[in-house]
1. Give me a count of the residues in region A:82-139 that are away from chain B (no Cβ under 14 Å), open to solvent by 30 Å² or more (accessible area, probe 1.4 Å) and among the β-branched types (Val, Ile, Thr).
2. Just one of B:LEU177, B:LEU151 is open to solvent by 50 Å² or more (accessible area, probe 1.4 Å) and touching a strand residue (DSSP E or B) at 6+ places or on another chain (Cβ under 6 Å); which is it?
3. If I ask for residues that are facing another protein chain (nearest Cβ under 8 Å) and either touching a residue at least 12 places away in the same chain (Cβ under 8 Å) or not small (Gly, Ala, Ser) (or both), which ones from region A:22-31 would you list?
4. So, in region A:176-204, of the ones that are within 14 Å of chain B (Cβ to nearest Cβ) and open to solvent by 30 Å² or more (accessible area, probe 1.4 Å), which residue ends up farthest from the ligand (Cβ to nearest atom)?
5. Could you tell me whether A:ALA61 is free of Cβ contacts under 8 Å to residues at least 24 places away in the same chain and either more than 14 Å from chain B (Cβ to nearest Cβ) or more than 16 Å from the ligand (Cβ to nearest atom) (or both)?
6. Only one of (1) in contact (Cβ under 8 Å) with a residue 24 or more places away in the chain; (2) touching a Leu at 6+ places or on another chain (Cβ under 9 Å); (3) polar (S, T, N, Q) is not met by B:SER55, so which one is it?
7. Restrict the check to region A:143-151 and report whether at least one residue is within 16 Å of the ligand (Cβ to nearest atom), within 14 Å of chain B (Cβ to nearest Cβ) and on the phi > 0 side of the Ramachandran plot.
8. Is it the case, given these coordinates, that B:GLY200 is farther than 27 Å from B:LYS91 by Cα and either within 14 Å of the ligand (Cβ to nearest atom) or within 11 Å of chain A (Cβ to nearest Cβ) (or both)?
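The values are calculated or read from the model by the stated rules, or taken from the named source; none is laboratory data. Bear in mind that the values here come from a model prediction, so they are computed numbers and not experimental data. Ideal geometry is used to build each Cβ from the backbone, glycine not excepted, and the neighbour counts take in all protein chains shown. Each accessible area value is taken on the protein alone, full model and side chains, heavy atoms only, with ligands, DNA and RNA left out. Shrake-Rupley method; radii C 1.70, N 1.55, O 1.52, S 1.80 Å.
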Amino acid sequence: MSAENPSIWRSAALLGLVAVLGTALLAVVHTMTRDRITAQERRVVLEQLHQVLPDSAYDNALHEDVLRITDEAFFQTQEPVTVYRARLGTEPVAVIMQVVAPDGYNGDIKLLVGVYADGSISGVRVVSHRETPGLGDPIEHQRSDWILDFNGRSLGNPEPAGWAVRRDGGVFDQFTGATITPRAVVEAVERALRYFEARHEYLFSYPEPEQT
Amino acid sequence: MSNEVSLKSVMAEGLWHQNTGLVILLGLCPLLAVTSTVINGLGLGLATMATLMASNLSVSLIRGLLRPEIRIPAFVLIIASVVTAIELLMKAWAYDLFQVLGIFIPLIVTNCAIIGRAEVFASRHRPLAALVDGFATGAGFCLTLVLLGALREISGRGTLLADASLLFGEAGQNVTLTLVPDHPGFLLAILPPGAFIGLGLLIAARNWYVHRRSQKNEAPAREPVPAS
Ligand SMILES: Cc1cc2nc3c(=O)[nH]c(=O)nc-3n(C[C@H](O)[C@H](O)[C@H](O)COP(=O)(O)O)c2cc1C
C-alpha cells in the first residue's frame, strides 16, 4: 500500500504533526492559566457567598465546610444542593444553600439562600438564570432591590399564607407583566427555609468537618 | 495565485466590501445571539478577531506543507486549538465576561467565517497579509456586532455600555450612559426577533449607501435621464 501511494502516509504524518502542535499549544496555555482560573472560580463563589452572609459573621473556611444533599422530593431537582456551613469558633452561625427554582419562565433559576441558625434569612442572591431580560431579570440584585425583601424574613414572617407573590395573596411584589419568575423564586426560598427548619441539626452536625 | 496583495485593500475588503456580518452573512448565529448589549457584542467580537488572527497566521505559516486532502481537517484542528486557548485565557483574565458569553466562546469554532478565511486567504498568502486579513475580517465582524448591540441596547433598554465592568473591570464601573431615563424596556429589541430586524436594518442601510454612491459616481458619465 505504501508503495502505491506514499503520499497518504506523508499526509497522515503532517496531520498528526498539526494535532501535536495544537495539543502542545493547549498544554502550555493550560499550565499557564490553571491556577488563575481556579482562583477566579473561587473568587466568584466567595463573592456570592459574601453577598448573602457578611464576612464578620463567621470565621471558618466557608467554601470548604460543605455538604451536598440530594433530595429530589424536597428540592425538586436531581442535582445535589450544596450547603455551605458558617461557624464562629464551634458555634453554628448560618448555612448558605444553593437551591434551584425549577419552575421559572425559562428553565432553572439558581439561588443562594443564607439562613441564620435562628431560621431567619441573612440574604438571597440569584446565581444564574435565563429569564427574559427586561421582564424576569429584576430578580438580579444588579437590576433591582427586589431580592433584598427576603432579608430578615423567616417561616413565621410572614405567616405561611404570605409566602407568595401579591397576585397569589402573598406579601412579595411581582413585576409588571412578569409573575412567573418571582413566584418561582419565592417558592424556592420558602422551600429552603422549610428544609432548614426540618433538618438544621443534621445540617450543622453531619458529617463532623474535622473528621472528613 | 497572486501572493502580493496590498495590505490596504485587504483592510478595505474585511472591513467593508466583504464584511462578514453585513455582506457575506457568515457567523450569524453568535451575531444574533449575543448582541443584546454593546459590551456583549464587543466581547464576542474581540474574541472572534483574536481567533481569526491566530488561525490565519498559523495556517499561513504552514501553508507550504499542507496538501489538499488534509487541508480542511488541519484547519479544523488549528481553529479548535486556538479557540480553546482563547477560552482558557478569557477564563483566567476576563472570567465575568466569559460567564456572560458562556457557550458562544467555544462556539466560535463553528463560525464559518474563520475556516472560510483560512481556506480562501490565509492558505494562499504570506503570514503578514494573512494576519492583516484576520484583523480586518475580525474588525469588520466586531464592528457589526457593536453596531447591532448599540441599536438593540438603545431601543431595548435606553442605555449604552451597560455592564462595561465585565470587559474593563473597575474602569468600566461608571461608563454606562443612560440615554433614555426610565426607559420602560422594549422587549422586541432585546429578544432574538429584534436581532433579526436590527441586522436587516443594518444591511439595508449599507446597501442603500452603496447604491447611492454608485449612482453618484455614474451620474456624471451618463446623460441626464428624465424620471420614468
Ligand atoms: C416573550 C415573552 C417572554 C416572557 N418572559 C417572562 C419572564 O421571563 N418571566 C415572567 O415571569 N414572565 C414572562 N413573560 C410573561 C408570562 O408569559 C406571563 O404572562 C406573566 O408572567 C404573567 O404575569 P401577569 O399575570 O402579571 O401579567 C413573558 C412573556 C413573553 C410573551
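1. Adding up the residues that qualify gives 1.
2. B:LEU177
3. A:THR23, A:LEU25, A:LEU26, A:VAL29, A:HIS30, listed by residue number.
4. A:THR176
5. When the stated conditions are applied, A:ALA61 passes them.
6. (2)
7. no
8. Against the criterion (farther than 27 Å from B:LYS91 by Cα and either within 14 Å of the ligand (Cβ to nearest atom) or within 11 Å of chain A (Cβ to nearest Cβ) (or both)), B:GLY200 does not qualify.
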